[in-house]
Amino acid sequence: MNIALIIAGGSGTRMKSQIPKQFITIAEKPIFIYTLEQFEKHSEIDYIQLVCRDGWQKSIQDFITKFKITKVKDIVVGGATRYESIYNGMQSLDWLQDNDVIIVHDSVRPLVSDLSIADTIRVCKENENPMSVV
């Protein structure tokens, strides 16, 4: 199984935004939805695990439903730092098998290509490395 662990835990402080940057809307969609759509449409991604800031779970679930993102199976609360958010996301995947691949990606980077995702999965499998950042 190939899992995309999408980190949506940012606060937007550097942008001086009222809302976390992943919720900033472009052409009537929050940025994180564009990112999720990239992984949703990729044939090699089986499962998306989303990590978000505490208190934003309902908003995220509402957008996932609205935009028909079906591969998101769980939403996990992140931590105070990116590292803690990734850690929380990894801890929630305690059901993984030895040959599963996890790709970690930031929710505010929607321009990830199909080729980048496929290459990351291929390299992980070739090198028997179960995790990579794309």
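The values are calculated or read from the model by the stated rules, or taken from the named source; none is laboratory data. As the structure is a prediction and not an experimental result, all values here were calculated from the model. Don't worry about glycine lacking a Cβ; one is built from the backbone with ideal geometry, like all the others, and counts go over all protein chains shown. SASA here: full protein model, heavy atoms, side chains in, ligands and nucleic acids out. Shrake-Rupley method; radii C 1.70, N 1.55, O 1.52, S 1.80 Å.
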**Prompt:** Using a simple charge model, +1 on the beta-carbon of Lys and Arg, -1 on the beta-carbon of Asp and Glu, nothing else, what dipole does region 22-134 show about its Cα centre, in debye to the nearest 20?
**Reply:** 460
**Item:** Cα-based Lys pair tally, region 49-134, threshold under 21 Å, eight or more apart or on separate chains
**Value:** 4
**Asked** Which residue, chosen from Ile103, Gly55, Gln91, occupies the Cα position most advanced towards the positive end of the dipole of region 52-103, where the dipole is computed from +1 (Lys, Arg) and -1 (Asp, Glu) charges on Cβ about the Cα centre?
**Response** Gly55
**Fill in**
Per residue, accessible area of the chain with a 1.4 Å probe, heavy atoms of protein chains only, in Å², comes to 56
**Message:** Taking loop as defined by DSSP and a crowding limit of 13 other beta carbons within 10 Å, which chymotrypsin sites (Phe, Trp or Tyr not before Pro) in region 1-109 fit?
**Reply:** Trp95
**Complete:** Using the Cα gyration tensor of the chain, the equivalent ellipsoid's semi-axes, largest first and to the nearest Å, work out to 24, 16, 14
**Asked** Going through region 40-130, which trypsin sites (Lys or Arg not before Pro) have at most 16 other Cβ atoms within 10 Å and a DSSP loop state?
**Response** Lys68
**Item:** Carbon plus sulfur fraction of accessible area for the chain, probe 1.4 Å, in percent
**Value:** 51
